[in-house]
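Participant: Sending over a structure as structure tokens; questions will come in a sec.
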Amino acid sequence: TPVQIKEFGAVNKIDFSPVPPYNYAVTASSRIHIYGRYSQEPIKTFSRFKDSAYCATYRDDGNLLVAGSEEGSIRLFDISGKAPLRQFDGHTKAVHVVGFLSDKYRIFSGGDDYSSNLWDIPSATEIVSYSEHTDYVRCGCASKLNEDVFITGSYDHTVKLFDARTKSSVMTIDHGQPVESVLLFPSGGLLVSAGGRYVKVWDVLKGGQLLVSLKNHHKTVTCLCLNSSGQRLLSGSLDRHVKIYSTTSYKVVHSFNYATSILSLALSPEDETIVVGMTNGVLNVKHRKPEERKENSRKRQPTYRTYMKGRTYMPKQEDFCVSKPVKRVLRKYDKLLKSFQSSKALDAVLDPSIRLYTPEVTVAVMQELHRRGTLRSALAGRDEKQINLLLTFVARRVIEPRFTSVLVTVADMITDIYQPVVGQSAIVDRQFLKLQEAIGKEIDYQEDLLEVLGMMDTLFATFTKKKATYLEENKSNSLTEATEKNVN
């Protein structure tokens, strides 16, 4: 059931905040009311206008609100405050259209003095003014992709595309009727204009080529709106209808009927709420009906026999067995190595679960980084705690023969990199001393072992007796026999 809220005058603009909780600003008469999605009373009001206010629009971050006025000034409000932060004076007549460019620091405006202006927020000054329209400027929008592009529509039947970097419009499109509303698709390639009984879609990338002209209303179309996915286009009209089109076929897929003529229309960012403002000052709020949850009906479970079926089957000789492929899951350090994040890969293998129980993995990653030539950069730029961890690991494992060749290189690099900071940290200095002590002891052991090996070689040389081989014995036997024969 729709909620009806009575405003002080005709609702000329409704704009949803782009950030949660998705409040919406309603501009009617000389006030701007901020409503919560389910509130029937305004939660905040801006009423610092002498005459009518127009086109209150949120910035992309939902923190600022800008609005035009009948006296020709533009006011910028902070959502958390009440008084205007900035006031922009330059238009000589009513300003019916205002909005933010996508860079968030500039405002565009259009007024009944036929001009389209661009303003700088920090300095509250006019950047450029375009006087190309020949009638009231009543609608506009900004590109979300290009921070310098904005579009205005006028009662002179034209839609003009402006680039802030140029001194004149870069494209003019003739709608054929006074333009009441314009809209850019999120892609920035398609432009929708509404005026008279027509809703027209133009291809901006093809220089403003007309793609389709829709004539589904029988009175002036006053407002346009897109849903969050861009798959539905909504149009509101003085004929009291809201038409919903599919943007793939541009056919009407749904229609809403209201009590009086429609001036403004907005859809919440989650497509959950549609708000319509009418000429009699009534605000109509419709919420999407929540989907009814199905009762958790207890499904009949398969029997035990179903689970055990085929468990005892033994394949025959002629059967062809298909094995299910085993999905390989990469370890964290493998993923980091694959994405060339050397420092993070080294951090991953210095984790206690790997460093203490599988030190070969840590050393293997160090070796791979050295092979790639990125070990030095991975070791550099570390704080006291990380250097302490590295030196502890190296000092403990460098004496293991399987790790010695790699860890000696690592120790050499660490010493070379962090030599300038020696003496600045007692913890790091202590670890360097431990490393020096471990390497010194290992060198002593090696020297002792070499001496022992020399002694053993000497002993083995004295103990060994040369034994005659089988061939030598045969040769000597044959020589003896031949000698005896000669003697005989």
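Participant: Can you list the trypsin sites (Lys or Arg not before Pro) in region 323-396 that are in a DSSP coil and have 11 or fewer other beta carbons within 10 angstrom?
Facilitator: Lys327, Arg328
Participant: Go through region 242-253 residue by residue and turn each phi into a ³J(HN,Hα) via Karplus (6.51, -1.76, 1.60, θ = phi - 60°); whole Hz please, and just put x for glycine and proline.
Facilitator: 10, 9, 10, 10, 7, 7, 8, 10, 6, 9, 6, 9
Participant: Across region 219-228, in residue order, what do the Karplus-derived ³J(HN,Hα) couplings come to in whole Hz, using 6.51 cos²θ - 1.76 cosθ + 1.60 with θ = phi - 60° and x for Gly and Pro?
Facilitator: Running phi through 6.51 cos²θ - 1.76 cosθ + 1.60 with θ = phi - 60° gives 9, 4, 7, 9, 8, 10, 7, 10, 7, 5 Hz.
Participant: Let me spell out the model: positive unit charges on the Cβ of Lys and Arg, negative unit charges on the Cβ of Asp and Glu, origin at the Cα centre of region 384-465. What dipole size does that give, in debye rounded to 20?
Facilitator: My answer is approximately 340 debye.
Participant: Would you mind checking which residues have amide H under 5 Å from Asn216's amide H? H placed 1.01 Å from N; only 5 or more apart, or other chain.
Facilitator: So Asn216 has HN proximity to Val199.
Participant: Another question, if that's okay. Counting Lys and Arg as +1 and Asp and Glu as -1, each charge on the Cβ, what is the dipole of the chain about the Cα centre in debye, to the nearest 20?
Facilitator: Working: 65 positive and 55 negative charges, 504 e Å.
The dipole of the chain has a size of about 2420 debye.
Participant: Over region 3-287, how many percent of alpha carbon pairs lie in each 10 Å bin up to the one with the longest distance?
Facilitator: Answer for region 3-287: a P(r) of 7, 31, 39, 20, 2 percent.
Participant: Separate question: Normalised by the residues of region 3-287, what does the relative contact order come to in percent, with Cα pairs under 8 Å and at least six apart?
Facilitator: Normalised by residue count, the contact order of region 3-287 is 13 percent.
Participant: Taking the Cα centre as origin and putting +1 on Lys and Arg beta-carbons and -1 on Asp and Glu beta-carbons, what dipole magnitude results for region 3-287, to the nearest 20 debye?
Facilitator: Around 640 debye, computed over region 3-287.
Participant: May I ask you to derive the FRET efficiency for Glu437 and Ala380 from their Cβ-Cβ distance with R0 = 25 Å, giving the value to the nearest 0.05? Each step should come with its number before you reach the end.
Facilitator: Details: r = 25 Å, r/R0 = 1.00.
That gives a FRET efficiency of 0.50.
Participant: Would you pull out the residues with amide H under 5 Å of Arg86's amide H, same chain only if 5 or more places away, H placed 1.01 Å from N?
Facilitator: Those qualifying (amide H under 5 Å, at least 5 residues apart or on another chain) are Leu76.
Participant: Cα-based count: Lys pairs in region 332-443 below 20 Å, eight or more positions apart or different chains?
Facilitator: Final tally of qualifying lysine pairs is 4.
Participant: Now, a different point. Go through region 10-27 residue by residue and turn each phi into a ³J(HN,Hα) via Karplus (6.51, -1.76, 1.60, θ = phi - 60°); whole Hz please, and just put x for glycine and proline.
Facilitator: Running phi through 6.51 cos²θ - 1.76 cosθ + 1.60 with θ = phi - 60° gives 4, 7, 8, 7, 10, 9, 7, 5, x, 10, x, x, 6, 5, 9, 9, 10, 9 Hz.
Participant: Sticking with this one: Using a Förster distance of 60 angstrom, determine the FRET efficiency expected from the C-beta separation of Asn388 and Ser129, and round it to 0.05.
Facilitator: 0.40
Participant: Kindly flag which residue pairs out of Lys104/Lys160; Lys93/Lys243; Lys206/Lys243; Lys104/Lys289 have an alpha-carbon separation exceeding 30 Å in this structure.
Facilitator: Beyond 30 Å: Lys93/Lys243; Lys104/Lys289.
Participant: Starting from the amide H of His175, placed 1.01 Å from N in the peptide plane, find each other amide H under 5 Å away whose residue is 5 or more places distant or on another chain.
Facilitator: Thr158, Val159
Participant: Rounded to a whole number, what % of the accessible area of the chain do carbon and sulfur atoms account for, probe 1.4 Å?
Facilitator: 52
Participant: For a quick protection proxy, order the peptides 27-40, 96-109 by their average other-Cβ count within 10 Å, most packed first.
Facilitator: 96-109, 27-40
The values are calculated or read from the model by the stated rules, or taken from the named source; none is laboratory data. Since the model is a prediction, treat every value here as computed from it, not as a measurement. Because the Cβ atoms are built from the backbone with ideal geometry, glycine has one as well, and the counts that use them run over all protein chains shown. Just the protein is used for accessible areas: all its heavy atoms, side chains included, with ligands, DNA and RNA removed. Shrake-Rupley method; radii C 1.70, N 1.55, O 1.52, S 1.80 Å.
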